[in-house]
Every structure is written in C-alpha cells, then in structure tokens.
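Worksheet: the structure to be examined is printed underneath.
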Amino acid sequence: GLGDVYKRQVQTTHKNSHFPAPNPTPPPDDKAQFYDRLAGINNDYIRVMHLCDIHFPYQHNGALDLAVQLVGYMQPHVVVIGSDDHDFDKISSFQSDPRNEENSVLDVIQEMIPYHNDLVNRLYDASPYTLYAYIWGNHNYRIYKYLMANAKYLMKTVSNAYIDMIRSNNRVMYLGETDQIRIENLIVSHGSKAGDNPAKKQLEMGGFQINYMSGHVHRRTFYQKRGYHYSVNAVTSGCLCDLSPHYKGVNQDPTNWELGTCLCEIKRNDPHATAHFENLKFDEDKDGVLSVRYHGTTFTAKK
C-alpha cells in the first residue's frame, strides 16, 4: 500500500546528503517538526517552490505537469502547497455555473481527496525527500466559513477530517490554520493583496524588512525595495488553474492571468538576505502545448 511505499522511501539513503531523513510518523505538532528538519538541512541556501492556485477541479493539467517536472529537476528543499489548491466553488458565495455540478459529489472534502493524493503522489515520485508544507488560501477558508454559517457544532470533526486528508499519510506537514510560512528571511504566503502591484503591497505589510513570495492574483508581479544596507524583493506568481474562471459563465471577458510557478533561493542564517526569485511563465504554442525554459533546459507538458 501507499504507507509501505513511503516506509521504503524513508529507509532509502538519498543521494543528496543535505536532505535530512524524513520521519514517517510526525509528532502532533507538524510545525515544530518542519522547523527541526529545516534546521537540519546541510546547505548554505534553501531552495523553495510555491505551487499555488491550482483550484481543483479546475486545474490546468499541463501547467501542473510542468510544475511537477520542475520539482523533479530542481529537487527543492521545501515545496509549499495548499494555497488555494481546491476551489470549493459549491460552498462559495459566487454564483457558479450549474453545469459544473453535473458529475460532482455532494461532499466537498471527499471530492478533494483524490486530487490531493494524486498531487502528493506525483510530487513524492519527483522528489521524495523534499519537505512539503501546507498553507491555507482564501478558497480553503470557505470550509470554515461554511461550517460557521451552517454547522458550527460539527467544526471540530470536519476540521480533523480535512487536516487528516491534507497530511496524506504523513507526507505533507500541516502547519496550522495559517496562510503563510517563514523560511529564513522569506515569507511564503498565499497573499491577500490585489491591484496594479500586489507584490509591492506585500512588502509594505512587512515594513520593507522581509522578502515575500505569494500567489492569489494568478499573475506575475515584482517589487524591490533598496535600503542603505540591504534590499528586499517580493513577487506574486502565475497560477496552475484554468485561465477561464468557472464563475464567469460562458460570456466572460479575458483575464490577465498567467500560468506559471515561482522558485526561490534564500541564504541561511542571514537576517538581511535578499531572496533570489525565478518567476516562471508557462508559454503555450499554437497547438496548445505548454513549455518553459529553465537553466538551459526546455520542459514540455504532457498532452
């Protein structure tokens, strides 16, 4: 079974010694274990990827395939997932297209399980010793909002089931009800700002003292604040979902969304470290095939 596969992975020595061996049975506090393992990485820089805005079941399969390929190629120390990984449109305040419910299930968490487990399986196949951490996005919070309005006395039971699903057989670290995580002088967040340059607004939230890598707006933006002694950078990245939002129906205007993902390298033990981002955009050819060029290699999505 899947658990036995994971145990065999744990017992295998990884070729890159800077990855600490994973613990197949994490303690109740995943956050504490996450930072313990992060501290155990033997490398001067931490490599981080943020796979945001997948919006299952409205994912863009080609974009998701490219993101997984990049994880396998880069072998990042940390991959942050969640961050609007599921849309939860059935419990949204937006009016969704009823045609999207023709083949749906009644339980939104049950609907999410196969998508989530499939993603985790693919990520582990690509890079089994990466630390996978889960943060919330505004679409994930729809679960709690729905429960508060309709079934607040079942919140604990449903929340526990949701968290158990997120952990995916203890392969994903659930860091609590939070939409951000700090890694050295970098905050990886889902993001809450929009407008012309949400990256700038994220830096403003941090008082221009720390780097930010966010999603939420489904497009790339960048801002840098240069100080006398050091600089900080912020980005928002593209998305991994369909570029035609379901809630706009058939008569919709084109979005300014972009397909892509963001990679970051941040120096260890330096409170003034500047984050180095590679904010990748996935390009589509005339046949609708996605590709991206990274470090001299072209990656092409499977059809």
- [ ] Arrange the peptides 202-212, 126-136 so that the one whose residues have, on average, the most other Cβ atoms within 10 Å appears first.
- [x] 126-136, 202-212
Task: Label-point separation in nm, Q224 to E284, each point 7 Å along Cα→Cβ - done: 3.2 nm
TODO: Using the Cα centre as the reference, give the magnitude of the dipole from point charges on the C-beta atoms of segment 179-303 (Lys, Arg: +1; Asp, Glu: -1; all else neutral), rounded to the nearest 20 debye.
DONE: 220 debye
Task: Extension gain, Q209 back to Y141 (0.36 nm per residue minus Cα-Cα distance, nm) - done: 21.7 nm
- [ ] Can you pull the one-decimal nm distance between simple spin-label points at N42 and D107, each 7 Å off the Cα toward Cβ?
- [x] 4.5 nm
Task: Dipole of segment 124-244 [Lys/Arg +1, Asp/Glu -1 at C-beta], most positive-end residue of T178, H190, G207 - done: G207
- [ ] Report, by chain and number, residues whose modeled amide H sits under 5 Å from the one on H55, excluding near sequence neighbours (fewer than 5 apart, same chain).
- [x] D85, H86
Open item on the list: Using the basic label-point model (7 angstrom from Cα toward the beta carbon), what is the S291 to Y115 distance in nanometres?
Closed with: 2.9 nm
Open item on the list: List the residues, sorted by chain then number, that are 5 or more residues from N140 or on another chain and whose placed amide H is less than 5 Å from its amide H.
Closed with: D84
Task: Relative packing of peptides 281-288, 78-85, 267-274, 177-184 - highest average C-beta neighbours within 10 Å first - done: 78-85, 177-184, 267-274, 281-288
- [ ] Please give the length that would be gained between T178 and S192 if that part of the chain were fully extended, namely 0.36 nm times their separation in residues minus their C-alpha to C-alpha distance (nm, one decimal).
- [x] 3.8 nm
Task: Probe 1.4 Å, protein heavy atoms only - accessible area per residue of segment 155-303 in square angstrom - done: 50 Å²
- [ ] Give K201/K225; K193/K225; K152/K193; K225/K267; K90/K145 a once-over and call out the pairs whose C-alpha atoms are over 21 Å from each other.
- [x] K152/K193
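The values are calculated or read from the model by the stated rules, or taken from the named source; none is laboratory data. Being a predicted model, the structure only gives us computed values, none of them experimental. A quick note on method: Cβ atoms are made from the backbone with ideal geometry, for glycine too, and the neighbour counts reach across all protein chains shown. Accessible surface is based on the protein model in full, side chains and every heavy atom, while ligands, DNA and RNA are left aside. Shrake-Rupley method; radii C 1.70, N 1.55, O 1.52, S 1.80 Å.
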